[in-house]
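What follows is one structure encoded as structure tokens, with my remarks underneath.
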Amino acid sequence: MNIKVLTKSGVPIYEQISEQIKNEIVSGNLQQGEPLPSIRSLAADLKISVITTKRAYEELEREGLIYSVAGKGFYVDNPDMSYLEEKRTLGIEDELAKWIDSAKEAGLSKEDAVSMINILW
């Protein structure tokens, strides 16, 4: 698993970690029952606090994406994929709505904005 954290992004590191793991689960790169790195090894790999990694895992566990086995570690659970995909779609819609507002403020026409999306796509 390849997790990257950006210390200057403004997004808390635990959220960056949990979001990236969540995306790996939704995309199918992490399968049900697959073990996750231990809290300590992930913290060491990312050069961050164990507390931060623990918080990310706790967040994922609360959402039902992973589960812990005492003395063994954390594993990918069997999440409701349709719910996760819907949640991800809503997040994209929110970001797109903000982008549209910015494009309007910048004076872009709808056609220019669509053209920009097509080029970037």
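The numbers here are math on the coordinates, done by the rules we state, and not lab data. Keep in mind that what you see is a predicted model, and the values were worked out from it rather than measured. We place every Cβ from the backbone using ideal geometry, glycine too, and count neighbours over all the protein chains shown.
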Query raised in the report: If one takes the longest principal axis of the Cα atoms in the chain, at what angle in degrees, from 0 to 90 and to the nearest 10, does the Cα axis of helix 110-120 lie?
Result: 40
Query raised in the report: Once phi is turned into θ = phi - 60°, what whole-Hz ³J(HN,Hα) does the Karplus curve with 6.51, -1.76 and 1.60 give for every residue of region 7-18, x standing for Gly and Pro?
Result: 5, 9, 7, x, 8, x, 4, 4, 5, 4, 5, 5
Report summary line: Rounded to the nearest 10, the angle in degrees between the Cα long axis of helix 50-62 and the longest principal axis of the Cα atoms of the chain comes to 80
Query raised in the report: Where Rh denotes the Kirkwood radius from the mean inverse Cα pair distance, what is Rg over Rh for region 54-119?
Result: 1.27
Requested in this report: Identify, among Ser41, Ile66, Leu30, the residue whose Cα sits farthest towards the positive end of the charge dipole of the chain, taking +1 on the Cβ of Lys and Arg and -1 on the Cβ of Asp and Glu, with the dipole about the Cα centre.
Outcome: Ser41
Requested in this report: Give me the Debye-computed log₁₀ of I(q)/I(0) at q = 0.25 Å⁻¹ for region 81-120, equal point scatterers on Cα only, no solvent, two decimals.
Outcome: -0.81
Query raised in the report: Can you list the HN-Hα couplings for region 64-80, worked out from phi with the Karplus curve (6.51, -1.76, 1.60; θ = phi - 60°), rounded to whole Hz and with x for Gly and Pro?
Result: x, 8, 9, 9, 10, 10, 3, x, 10, x, 10, 9, 5, 8, 9, x, 6
Report summary line: Computed on Cα atoms only, the convex hull of region 13-76 has an orientation-averaged projected area in nm² of 3.9
**Report entry** the chain, dipole about Cα centre (Lys/Arg Cβ +1, Asp/Glu Cβ -1), debye to the nearest 20
**Finding:** 580
Report summary line: Rounded to one decimal in nm, the spacing of the 7 Å Cα→Cβ label points at Asn2 and Tyr67 is 3.1
Query raised in the report: To the nearest 500 deg cm²/dmol, what mean residue ellipticity at 222 nm is calculated for the chain from DSSP H runs of n ≥ 4 alone, each contributing -39,500 (n - 2.57), summed and divided by the residues?
Result: -19000 deg cm²/dmol
